[in-house]
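Trainee: My questions all concern the structure below.
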Ligand code: PA5
């Protein structure tokens, strides 16, 4: 379902052929389930075949969605405990009856106060707090504030408005939620934060914000990806080839991958992607720096560097064959006006976007930045489900090929330890 186009990359079949054995070896490590953190590989299949925990998640989501007046969903979490949900909710759009707020994903007093003011006014507030460790400072501080608010608002009923998603057995959040009888779901032991979108971490906020049917479509897409990609051969496996291309660029001194999209609603999906690859690969002095650009906006800022600056980048375009909302805004014929746009008479904005995309690829490839494209059929929940699984699989293959462990994040832990030391914990 995802097509990889490498014809403007300068990489040819023979280059792919040379790296193929290494990619197959990395893929084999996933097939053999060499790490205990590979629970995400089979998850879409398990969910699709009927999973009691997923049904409990979707049941609660439906209950919340039909609980009366407009729902205000506050998602508290950071990194892998929030980016999956937010990226999908922003890409698909929350339903009209649901307002979604985020907290615990920053340390800004100003932002927190802004969110708090909205939550105070909300008639029907639900707080979903997500932390696998249950001790991360940003969500802990935010939860401290919003838990009190929920108790002030709902008194004895507050526990019906708070859901914790955390470790099955341990951690502060686990203990608090148990003691106060909050709703609880588990982050599985064998799935790390950035691979957790199909666990309750992603599925609960998504099902509340976008609906149970949409959440199921998302899983369908991921299951389709697992069927296509876990069995496929290198020659017809775009996830393996994407991992191959990234490693070839890296070896050719292209140390930065710039993911580029033309859809602003896809911005947080790029943030999710950056965390996935950045945390999985950036270790032991290795790894591509992962960056993103939103075109055409950034063509008028970063475009100069991409075209002409240090030759350290390659670009990965994420494209939708059916441009989202393409028919909704036909360009008005402008003949007779003085705006100089007659040459676009009868065209659509989607046509202009496609033309600008082709022009950008050509120009950047002629300059300092070769590019590849990942083409999704559309921006439906199913296609996005496919995209998330594709990226997680490709990332794990790519990291093993680079020679690093995809499923740990020692660098993140280091900053947490230093911060707690300075704060006197
Ligand atoms: O992907 C990861 O493992 C991290 O980004 C974590 O999700 C992030 O640090 C938050 O950790 P926790 O879920 O323990 O609060």
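Laboratory data are not the source of any read-out in this text; all were calculated from the coordinates shown. Predicted, not measured: the structure shown is a model, and the values here were computed from it. For neighbour counting, all protein chains shown are included, and Cβ atoms are generated from backbone atoms with ideal geometry for every residue, glycine included.
Trainee: Between 396, 150, 52, find the one with the highest GNM mean-square fluctuation for the chain; connect C-alpha pairs within less than 10 Å.
Mentor: Looking only at 396, 150, 52, the largest GNM fluctuation is found for 52.
Trainee: With a point put 7 Å past each Cα toward its Cβ, work out how far residue 322 is from residue 3 in nm, to one decimal.
Mentor: In this crude label model, residue 322 to residue 3 measures out at 1.5 nm.
Trainee: Using a 7 Å offset from the Cα along the Cα-to-Cβ direction at both residue 114 and residue 36, what is the distance between the two label points in nm, to one decimal?
Mentor: With each label point 7 Å from Cα toward Cβ, the separation is 4.2 nm.
Trainee: May I ask for the distance between the Cα centers of the stretch 362-404 and the stretch 174-213, given as a whole number of Å?
Mentor: If you average the Cα positions of each part, the centres end up 26 Å apart.
Trainee: For the stretch 257-359, give the share of DSSP beta bridges that are antiparallel, in percent and rounded to the nearest 5; count only bridges with both residues there.
Mentor: 10
Trainee: What span do the alpha-carbon atoms of the stretch 146-293 cover on each of the three principal axes, reported in whole Å from largest to smallest?
Mentor: Its Cα atoms span 61, 36, 33 Å along the three principal axes.
Trainee: On to the next question. Return the percentage of antiparallel bridges among DSSP beta bridges fully within the chain, rounded to the nearest 5 %. Write down the numbers at each step before the final one.
Mentor: Working: 4 of 43 bridges.
Expressed as a percentage, antiparallel bridges in the chain total about 10.
Trainee: Still on this structure: Please report the spacing between the Cα centers of the stretch 256-309 and the stretch 1-66 in Å, no decimals.
Mentor: So the separation of the two Cα centres works out to 21 Å.
Trainee: Using a 7 Å offset from the Cα along the Cα-to-Cβ direction at both residue 308 and residue 56, what is the distance between the two label points in nm, to one decimal?
Mentor: Label at residue 308, label at residue 56, 6.0 nm between them.
Trainee: Let me ask something else about it. With r as the distance between the Cβ atoms of residue 255 and residue 419 and R0 = 35 Å, compute the FRET efficiency 1/(1 + (r/R0)^6) and round to 0.05.
Mentor: Plugging the Cβ-Cβ distance into 1/(1 + (r/R0)^6) gives 0.80.
Trainee: A follow-up question, please. Most mobile of 287, 104, 235 per a Gaussian network model of the chain (Cα springs, under 10 Å)?
Mentor: Top of the fluctuation ranking is 235.
Trainee: Let me ask another. At q = 0.08 Å⁻¹, what log₁₀ I(q)/I(0) does the chain have when each alpha carbon counts as one equal point scatterer in the Debye sum?
Mentor: The computed values of log10 I(q)/I(0) come out as -0.47.
Trainee: In whole Å, what are the Cα extents of the stretch 78-135 along the three principal axes, biggest one first?
Mentor: That gives 31, 28, 18 Å along the principal axes, largest extent first.
Trainee: Taking 37 °C and 0.692 mPa s as the conditions, I'd like the Stokes-Einstein D for the stretch 5-93 in µm²/s, using the Kirkwood hydrodynamic radius from alpha carbon pairs.
Mentor: On the way: Rh = 17.8 Å.
Using the Kirkwood radius from Cα pairs, D works out to 185 µm²/s.
Trainee: Report the per residue volume, in Å³, of the convex hull enclosing the C-alpha atoms of the stretch 38-168.
Mentor: Cα convex hull per residue, to the nearest whole number: 130 Å³.
Trainee: For the chain, what relative contact order do you get, as a whole percent, if you take Cα pairs closer than 8 Å and at least 6 residues apart?
Mentor: Once divided by the residue count of the chain, the mean separation gives 23 percent.
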